[in-house]
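Written out below as structure tokens is the structure these notes cover.
The values are calculated or read from the model by the stated rules, or taken from the named source; none is laboratory data. Values in this document were obtained by computation on a predicted structure and should not be read as measured data. To get the accessible areas, we keep the full protein, side chains included, count just its heavy atoms, and leave off ligands, DNA and RNA. Shrake-Rupley method; radii C 1.70, N 1.55, O 1.52, S 1.80 Å.
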Amino acid sequence: HDALPISAYAVGEFSFVATDSDAPEGQGIVMGAVANKAEGTADLMLLDAGTLETVAAIRLPQRIPAGFHGNWAPTATDGAC
């Protein structure tokens, strides 16, 4: 990110994703959105769960709504649809 004040960013809830089903606890990535309020864009950030080093940053063409974190949509297999 460019050198903007911290208040220019909104950080969403990050989620842990294991590298695979047999991975030791904590081995994987954490991912979440970081919105740049000044530019109206967001980056999907993937960080190494052990070091918090950036693995990837994917620029999204628009900002993600603040209420998006923690939401999920049921699938037909849930029996909720």
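Some points to look at:
- Solvent accessible area, Å² - T19, 1.4 Å probe, full protein context: 80 Å²
- Only protein heavy atoms count here; on that basis, with a 1.4 Å probe, M31 has an accessible area of about 70 Å².
- Solvent-accessible heavy-atom area per residue, rounded to whole Å², over segment 7-52 at 1.4 Å: 57 Å²
- With all protein chains in place and ligands, DNA and RNA left out, the 1.4 Å accessible area ranks D43, D48 as D48, D43, largest first.
- E39 - accessible surface, heavy atoms, 1.4 Å probe, Å² rounded to 10: 90 Å²
- Candidate residues S21, S15: accessible-area rank, largest first, probe 1.4 Å: S21, S15
- Long-range HN-HN contacts of Y9 with modeled amide H, under 5 Å: K37
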